[in-house]
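Okay, so here's the structure we're looking at.
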Amino acid sequence: MPMYQVKPYHGGSASLRVELPTCMYRLPNVHGRTGGPAPDAGHVQEESDPSLQALESRQDDILKRLYELKAAVDGLSKMIQTPDADVDVTNIIQADEPTAFSTSALDLNSVLGTDYGALKDIVINANPASPPLALLVLHRLLCDHYRVLSTIHTHSAVQSVPENLLRCFGEQSKKQPRHEYQLGFTLIWKNVPKTQMKFSIQTMCPIEGEGNIARFLFSLFGQKQDAVTLTLIDSWVDIAIFQLQEGSSKEKAAVFRSMNSALGKSPWLVGNELTVADVVLWSVLQQAGGCGGTVPANVQKWMRACENLAPFNTALKLLK
């Protein structure tokens, strides 16, 4: 017997079958073109926008060109880094007369930016335990092409600095008003793990590493080179820092072989003109102990050619 009775909510003869929906709600088919669009489907485009098609075509063309450029750079890097490559890129560089150094006029504002009423001052922090000879050579070269105001300071954390490092810029021959100089070059002897450079505290982060700073300073001379030459120069600078300075004895021996081969074809590492590659490699070799008996003949000849130039000779005296 039931606990309580409830009246039936449907007729005894009525069917209990209920038609359930097959979807939550219906939308017009945006992929089909047979039917017209729904009144509320104004955002659906029946045909592709011509400007969108042009943009897609341009993107495809750019991606194709980037892929071709990447393939060309990869092939060039293999030829430079492989000692036994069939094609030697250094043969591509040709010059009529061997020259030590040449520059063209350069507007410093185009590189350092325009700052009216203020001297463009390059500030370098260097460790006196490892003086950056490459930067001292470049400082002397800059003095030959610009009116440079050179100053040296010692950070309070440094206990002592050798006298020759305190006078590495020499004496200022003339004391001129600050506004008459084109460029300021300030060297601060400081206990830093890597050499650092800044010329605009507000707008840039510091550049670290002797090789990177040397690249920047050398750009102020306004030399114009093609893409192949620039690639070779950058490759030699990287080799100097990562293989010759920080590499194993096997890597250093490979660098000497590559240098000997390149210097057998031209008086300088990259063609017939002095570049930042020569400056940085010379600096690293001098800091590593200079020319020894294991250095090939062409490299020793190149070292003597560097030291015959006044900027190199002046920097070399700091090691004595």
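The values are calculated or read from the model by the stated rules, or taken from the named source; none is laboratory data. This one's a predicted model, so the numbers in the text were calculated from it and none came from an experiment. Backbone-built Cβ (ideal geometry, glycine too); neighbour counts: all protein chains shown. These area figures cover heavy atoms from the full protein model, side chains too; ligands, DNA and RNA do not enter into them. Shrake-Rupley method; radii C 1.70, N 1.55, O 1.52, S 1.80 Å.
Overview of values
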quantity	calculated
Residue match in the range 290-303 (condition: modelled with pLDDT under 90, charged (D, E, K, R) and open to solvent by 70 Å² or more (accessible area, probe 1.4 Å))	no
Qualifying position, being buried (at least 21 other Cβ atoms within 10 Å of the Cβ), more than 20 Å from residue 208 (Cα to Cα) and either touching a residue at least 24 places away in the same chain (Cβ under 8 Å) or within 19 Å of the chain's Cα centre (by Cα) (or both), among 281, 269	269
Residue match in the range 201-217 (condition: in the same structural domain as residue 268 (by the TED database), crowded, with 18+ Cβ neighbours inside 10 Å and of a type in the set (Gly, Ala, Ser))	no
Check on residue 182, over 22 Å from residue 122 (Cβ atoms), more than 14 Å from the chain's Cα centre (by Cα) and open to solvent by 10 Å² or more (accessible area, probe 1.4 Å)	no
Lone qualifier among 121, 144, 88 - being of a type in the set (Asp, Glu), open to solvent by less than 90 Å² (accessible area, probe 1.4 Å) and either within 23 Å of the chain's Cα centre (by Cα) or at pLDDT 75 or above (or both)	121
Failed condition for residue 252, given (1) under 23 Å from residue 305 (Cβ atoms); (2) in contact (Cβ under 8 Å) with a residue 12 or more places away in the chain	(2)
Single unsatisfied condition, residue 188 versus (1) modelled with pLDDT of 85 or more; (2) under 30 Å from residue 300 (Cβ atoms)	(2)
Flag if residue 59 is assigned to a helix (DSSP H, G or I) and either open to solvent by 80 Å² or more (accessible area, probe 1.4 Å) or at pLDDT 65 or above (or both)	yes
Total residues in the range 245-255, condition surrounded by 12 or more Cβ atoms within 10 Å (Cβ to Cβ) and of a type in the set (S, T, N, Q)	1
Those residues of the range 218-244 which are crowded, with 16+ Cβ neighbours inside 10 Å, of a type in the set (Ser, Thr, Tyr) and within 14 Å of the chain's Cα centre (by Cα), in sequence order	231, 235
